[in-house]
There are 2 protein chains.
Amino acid sequence: MPSCIEKIEAPEIIKESMIYSLNAGGKRLRPILLFATLHAFGKDEKLGIDVACALEMIHTYSLIHDDLPSMDDDDLRRGKPTNHKVYGEAVAILAGDGLLTHSFEIIAKSKELSDTLKANIIAFLAQAAGPSGMVGGQVADLLGEQKDLNVEELEYIHEHKTGKLLRFAVVAGAIIAGASKDQQECLDQFARHLGLAFQIKDDILDIEGDVKQIGKPVGSDVGKDKSTYPKLLTLEGAKNKCNDHLTSAKEWLEKANVESDLLLEIADYIVNRDH
Amino acid sequence: MPSCIEKIEAPEIIKESMIYSLNAGGKRLRPILLFATLHAFGKDEKLGIDVACALEMIHTYSLIHDDLPSMDDDDLRRGKPTNHKVYGEAVAILAGDGLLTHSFEIIAKSKELSDTLKANIIAFLAQAAGPSGMVGGQVADLLGEQKDLNVEELEYIHEHKTGKLLRFAVVAGAIIAGASKDQQECLDQFARHLGLAFQIKDDILDIEGDVKQIGKPVGSDVGKDKSTYPKLLTLEGAKNKCNDHLTSAKEWLEKANVESDLLLEIADYIVNRDH
């Protein structure tokens, strides 16, 4: 993916900053979910390559902006200094802006998609990433830091901050593959439950995980007195809820009536991972 | 335009913050240029309404981010407190992100444009606004603050930071109107010269203008020791250069062979305005 950034005619520092965060690793969960969904319909992954790149760029931009001093003020991300620690706040903000903007260009110029698909997917992605989706979730997260949240409020944050883009990954794959409306709906519910399981697992790992594995200090959320699932439900309760969502996810996947082997593997990985 | 923001399902504070900056006034130069270009081809302005909204949203997001403490650190914009002064840095960054993201949704969902036009215009807009355009210009501007620039370097900044979006406004209007490649090229050059005239005039007003009219302290660029056209060329030289660009703009407009009355009026306004 960084090769497509290198080609942009822009000051070197902004490209370096964008590539730094794109290359910082991470699980590539969103592209993987998109490709696995195409696979579930027997379609070539290549059809989704541009949307997958765009998705990872938007995810990366959101991490750069979330880490800023005026937001979560994090120094480490995936075990490396955060973007603004390396390039300064101004360039970090602009690298995020650049990734977000460029992601739409990549989809709009895709050689794999019809113009109608491009328009539909761009509208869907902007909705998932914008004020009614990820950006709205980040705002709710910021507001929530000042108070004790209940489970519903915590769920609202996660369903928007991370959930909407995960659902986009799966449903965009289904749309590109030509899935029926019914299948899209089942896969959307699959991804919704998977996203919640993912988030609860993150909270559990923040308590039980190993700093080398998760790339940030263990207990960092507790230290900030953030509302988490284990805090609201006990660790045991959070583990149960995580498994409940995994079960629901698998039920919806079953209903979608697709070749579900890869998607099932990803679902199990999300709940059993140690980082 | 704010009514389309009010309808978004999102936390109130982010909508309020987005609307605050959209309503802060400004000349609406980009939408006006787009509408005037449609008019030059005898087309209904309505065809461009969604692209014009998106364009103004992207311009507004760029102002919000430019004003941040880690960027230009401005307290006033158009005579009102800047977004982060009212809503705090975190919400201001997210309001910018939200406006940028939502602008692509608006175009992708436009009822006025074919899917092919949507894809073309989104690719063009993202290129004009992203790292190879406006974002790249802002990076160059930040880097340039630390040194004395020559006219070519100053021109690079303006051609990217403001020029690319102004050119988009005109050329997008031409594309929507079904202009020939030749006409698009002539209008692109018209907009390029107009953009440079606009920027030189801004620098002149920073020296000669009235604080009430321009909404920020007169001489604020000089105070920051920023490179400006009058500083590099003398005030007289800057005025001459401004007029030269206006003349070139008009020559290109002539070559485009369209009903040019409105576009000519805008060009004259840009050079003769007092704020």
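The values are calculated or read from the model by the stated rules, or taken from the named source; none is laboratory data. Quick caveat, the model's predicted, so the values are computed rather than measured. All Cβ positions, glycine included, derive from the backbone under ideal geometry; neighbour counts span all protein chains shown. For accessibility, only protein heavy atoms count, side chains too; no ligands or nucleic acids. Shrake-Rupley method; radii C 1.70, N 1.55, O 1.52, S 1.80 Å.
Odds and ends about this structure:
- Accessible heavy-atom area order of B:His39, A:His65, highest first, probe of 1.4 Å: B:His39, A:His65
- Spin-label model, B:Glu9 to B:Lys111: label points 7 Å out along the Cα-to-beta-carbon direction sit 2.1 nm apart.
- Prolate/oblate/rounded call for the stretch B:18-130, Cα gyration tensor, a/c under 1.5 rounded: prolate
- Sorted shortest first, the separations between the B:Ile207 label point and its copies elsewhere in the assembly read 6.7 nm; each point sits 7 Å from Cα along the Cα-to-Cβ line.
- Residue by residue, the stretch B:108-121 carries 3J(HN,Hα) couplings of 4, 9, 4, 8, 8, 10, 6, 4, 5, 4, 4, 4, 5, 6 Hz when phi is fed to the Karplus relation 6.51 cos²θ - 1.76 cosθ + 1.60 (θ = phi - 60°); x denotes Gly or Pro.
- Within the accessible area of chain B, the carbon and sulfur atoms contribute 48%, probe 1.4 Å, all protein chains present.
- Charge tally for B:Ile176 (other residues, Cβ to Cβ under 12 Å; Lys, Arg +1; Asp, Glu -1): -1.
- Using the Cβ of A:Lys15 as centre and a radius below 12 Å, the other residues enclosed give a net charge of -3, where K and R count +1 and D and E count -1.
- Projected label points at A:Glu259 and B:Asn23, each 7 Å from Cα along the beta carbon direction, are separated by 5.5 nanometres.
- Estimated FRET transfer efficiency when R0 is 22 angstrom, pair B:Asp274-B:Asp75 (beta carbons, to 0.05): 0.45
- Charge sum, other residues only, whose C-beta stays under 13 Å from A:Gly237's C-beta, Lys/Arg counted +1 and Asp/Glu -1: 0
- Over the stretch B:95-175: Kirkwood hydrodynamic radius from C-alpha pairwise inverse distances, Å: 13.8
- Chains B and A, summed buried accessible surface - 1.4 Å probe, Å², nearest 100: 3700
- Sorted into 10 angstrom bins from 0, the C-alpha pair distances of the stretch B:2-272 split as 7, 29, 37, 23, 5, 0 percent.
- Accessible area per residue was computed with a 1.4 Å probe on protein heavy atoms; A:Tyr156 scores about 90 Å².
- The residues of the protein assembly as shown present an accessible area of 40 Å² per residue when probed at 1.4 Å with all protein chains retained.
- 7 Å along Cα→Cβ, label-point gaps from B:Glu6 to other copies, nm, shortest first: 5.1
- B:Trp252 accessible area, 1.4 Å probe, all protein chains in place, Å² to nearest 10: 70
- Here is how far apart the A:Glu265 label points are across copies: 6.5 nm, shortest first, using a point 7 Å from Cα toward Cβ.
- Among B:Cys4, A:Cys242, the order of accessible area from largest down is B:Cys4, A:Cys242, computed with a 1.4 Å probe on protein heavy atoms.
- Restricting the calculation to Cα atoms, the protein assembly as shown shows an Rg/Rh of 0.99 when the hydrodynamic-style radius is the Kirkwood one.
- Here the simple spin-label model places points 7 Å from the Cα toward Cβ, and for B:Glu251 and A:Glu155 these points are separated by 6.8 nm.
- Ligands, DNA and RNA aside, A:Arg78 has an accessible area near 70 Å² when probed at 1.4 Å.
- Built amide H within the under 5 Å cut-off of A:Leu76, gap 5+: A:Thr82
- Those residues of the stretch A:69-99 for which accessible area with every protein chain present is at least 40 Å² below the isolated value (1.4 Å probe): A:Ser70, A:Met71, A:Ala90, A:Ile93, A:Leu94, A:Asp97
- In order through the stretch A:49-61: 3J(HN,Hα) via Karplus (6.51 cos²θ - 1.76 cosθ + 1.60), integer Hz, x for Gly, Pro: 4, 6, 5, 5, 4, 4, 4, 5, 5, 5, 4, 5, 4
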